[in-house]
1. Go through segment 1-41 and give me each residue that's in contact (Cβ under 8 Å) with a residue 60 or more places away in the chain and either more than 26 Å from Val69 (Cα to Cα) or not basic (Lys, Arg) (or both).
2. Do the conditions hold for Asp57, that is, is it acidic (Asp, Glu), more than 18 Å from the chain's Cα centre (by Cα) and surrounded by 13 or more Cβ atoms within 10 Å (Cβ to Cβ)?
3. Mind listing just one residue for me: the one in segment 90-123 that is touching an Asp or Glu at 6+ places or on another chain (Cβ under 6 Å) and assigned to a strand (DSSP E or B) and, of those, surrounded by the most Cβ atoms within 10 Å (Cβ to Cβ)?
4. In this structure, does Trp29 turn out to be surrounded by 10 or more Cβ atoms within 10 Å (Cβ to Cβ), aromatic (Phe, Trp, Tyr) and not assigned by TED's automatic domain parsing to the domain that holds Leu100?
5. Report, by residue number, each residue of segment 75-129 that is charged (D, E, K, R) and in contact (Cβ under 8 Å) with a residue 40 or more places away in the chain.
6. When you scan segment 9-89 for strands (runs of 3 or more DSSP E) that lie fully inside it, which ones turn up with 1 or more residues that are touching a helix residue (DSSP H, G or I) at 6+ places or on another chain (Cβ under 8 Å)?
7. Among the residues of segment 61-80, which ones are of a type in the set (Asp, Glu) and either under 11 Å from Ala45 (Cβ atoms) or not assigned by TED's automatic domain parsing to the domain that holds Arg113 (or both)?
Amino acid sequence: MWRWIAVGLIVLWIIAMWWVLIHALVRGWGPYVRSKRRKKTEVRARIKAKAGDHDFDPLNWRMEMTRKVLIFECEDGIERDYDVHDDVWDWVEEGDDGVLTYQGHLFVGFEARRARHDPDKVYKRLTRT
C-alpha cells in the first residue's frame, strides 16, 4: 500500500514538474516567438530621449551602463521604447529623425535621415591614413 502511495506521489511530482517546465517555456518564449512571426514595420520617428541603467561592475570597480534604451516619438502618435545595442546607442543623438524598423515588440533598426558622422572621415580618423 505504501509503495503505491509513493509511486502515485512520484508520478504526480513528475507531471507537475513537466507542467511547470512547459508553462515557463510558453510564458518566457511566447512573446518573443509571436513577435518574430510578425512582419517588420517601418515608421517615421524621432528619438525623444536616451535612457539607461547604471550598475557597479566589480571587475573594473566602476559604474557602467548595463541597459541602453532609446525612446522614439513616432509619427503615428505612439511613443515606443526599445533596448538597443551599443552600436546604435553610440551613433544616434536625441532629436535625430529617420525611419524606425520594428517587429512586434522587438527593435530591428533605425536609419537616421541625416548621418551625424561621415563614415569616410571616421574611417580615416580611426585608421590614420
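1. The answer is Pro31, Tyr32, Ser35, Thr41.
2. Working: acidic (Asp, Glu): yes; more than 18 Å from the chain's Cα centre (by Cα): yes; surrounded by 13 or more Cβ atoms within 10 Å (Cβ to Cβ): no.
In short, no.
3. Here the residue is Gly98.
4. Details: surrounded by 10 or more Cβ atoms within 10 Å (Cβ to Cβ): yes; aromatic (Phe, Trp, Tyr): yes; not assigned by TED's automatic domain parsing to the domain that holds Leu100: yes.
So Trp29 fits the description; yes.
5. Restricting attention to segment 75-129, the residues satisfying the condition of being charged (D, E, K, R) are 75-76, 79-81, 83, 86-87, 90, 93-94, 96-97, 111, 113-114, 116, 118, 120-121, 124-125, 128.
Within segment 75-129, Glu93, Glu94, Asp96, Asp97 qualify.
6. Numbers: elements: 41-57, 62-74, 79-83.
Of the strands (runs of 3 or more DSSP E) lying wholly inside segment 9-89, those with at least 1 residues that are touching a helix residue (DSSP H, G or I) at 6+ places or on another chain (Cβ under 8 Å) span 41-57, 62-74.
7. Step one: list which residues in segment 61-80 are of a type in the set (Asp, Glu), which gives 64, 73, 75-76, 79.
Across segment 61-80, the qualifying residues are Glu73, Glu75, Asp76, Glu79.
The values are calculated or read from the model by the stated rules, or taken from the named source; none is laboratory data. The model shown is predicted, which means the values in this text are computed figures rather than measured ones. FYI the Cβ positions are ideal-geometry reconstructions off the backbone, even for glycines, and counts take in every protein chain you see.
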